[in-house]
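A quick write-up on the structure given underneath.
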Amino acid sequence: MNPGRTILYIISAILFGLFWVSGGDELMDYLPYYSQRFVGRTVTVQVQEKVIYAEVARSDRAKARGLGKRQNLPTQKGMLFPFVEPGLYEFWMKDMRISIDIVWIHSGKIVDISHGVPPPAVGQDPARIRPPVPVDTVLEVAGGMATQWKPGDAVTIKDDKPFFLP
């Protein structure tokens with residue numbers, strides 16, 4: 001085995017252990033995309049020909065925070081919210097600073113899209129948005145990214161491999 005690769009594995013294991021001890025799985029939900037990609041916590045989402053690289057909000061705390069406080073969201077990036085059971089999950093725009101499209105997904109197909117959901121105006125309560133039918137997954141992307149998509153489009157989600165795996 002390559003000595004450089006062995007050292008990289010050891011450093012990666014130590015960093016992962018430090019993340020785990022300092023906050024466990026929930027801390028990992030707050031890492032930005034590239035840090036999550038490094039430890040294998042991101043997914044690739046494909047709708048039609050478009051590929052989105054998404055952080056995954058797995059814990060309830062990460063789902064509540066979502067994309068709040070982000071100053072921008074690149075067009076190829078997003079956040080995925082998986083749910084164990086289908087439901088009418090309410091999303092709110094607390095601490096949002098950017099406009100987003102919310103893609104409501106059930107059983108691997110888009111069931112509805114909330115286009116161009118704006119951040120709340122100063123001094124206003126954040127908007128609360130629900131899907132029209134139960135969903136098991138929600139994808140948030142930059143406002144305007146989902147304009148070509150429509151209900152019925154297939155959504156393919158693949159786990160990304162961590163950078164440090166062959």
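The values are calculated or read from the model by the stated rules, or taken from the named source; none is laboratory data. Nothing here was measured: the structure is a model prediction, and the numbers come from that model. Here Cβ is always computed from backbone atoms with ideal geometry, including for glycine, and neighbour counts include all displayed protein chains.
Out of all the residues in region 93-113, is one or more in contact with a helix residue (DSSP H, G or I) (Cβ under 9 Å, 6 or more places away or on another chain) and at negative phi? The answer is yes; a qualifying residue exists. Each residue in region 47-98 was checked for being among the hydroxyl-bearing types (S, T, Y), under 22 Å from T147 (Cβ atoms) and in a loop (DSSP other than H, G, I, E, B), and 1 pass. For beta carbons closer than 9 Å, sequence separation of 6+ or different chains, a first residue in region 98-109 that is farther than 12 Å from L139 by Cα and of a type in the set (D, E, K, R) and a second that is at pLDDT below 95 and surrounded by fewer than 24 Cβ atoms within 10 Å (Cβ to Cβ), there are no qualifying pairs.
Restrict the check to region 114-136 and report whether at least one residue is of a type in the set (S, T, Y) and touching a residue at least 60 places away in the same chain (Cβ under 8 Å). Taking every residue of region 114-136 in turn, none turns out to be of a type in the set (S, T, Y) and touching a residue at least 60 places away in the same chain (Cβ under 8 Å). I'd like to check something: does region 99-116 contain any residue that is among the polar types (S, T, N, Q), touching a strand residue (DSSP E or B) at 6+ places or on another chain (Cβ under 8 Å), within 19 Å of V155 (Cβ to Cβ) and in a strand (DSSP E or B)? Checking region 99-116: at least one residue is among the polar types (S, T, N, Q), touching a strand residue (DSSP E or B) at 6+ places or on another chain (Cβ under 8 Å), within 19 Å of V155 (Cβ to Cβ) and in a strand (DSSP E or B). Considering only residues in region 90-113 that are modelled with pLDDT of 95 or more and more than 15 Å from the chain's Cα centre (by Cα), the one that is nearest to Q71 (Cα to Cα) turns out to be I113.
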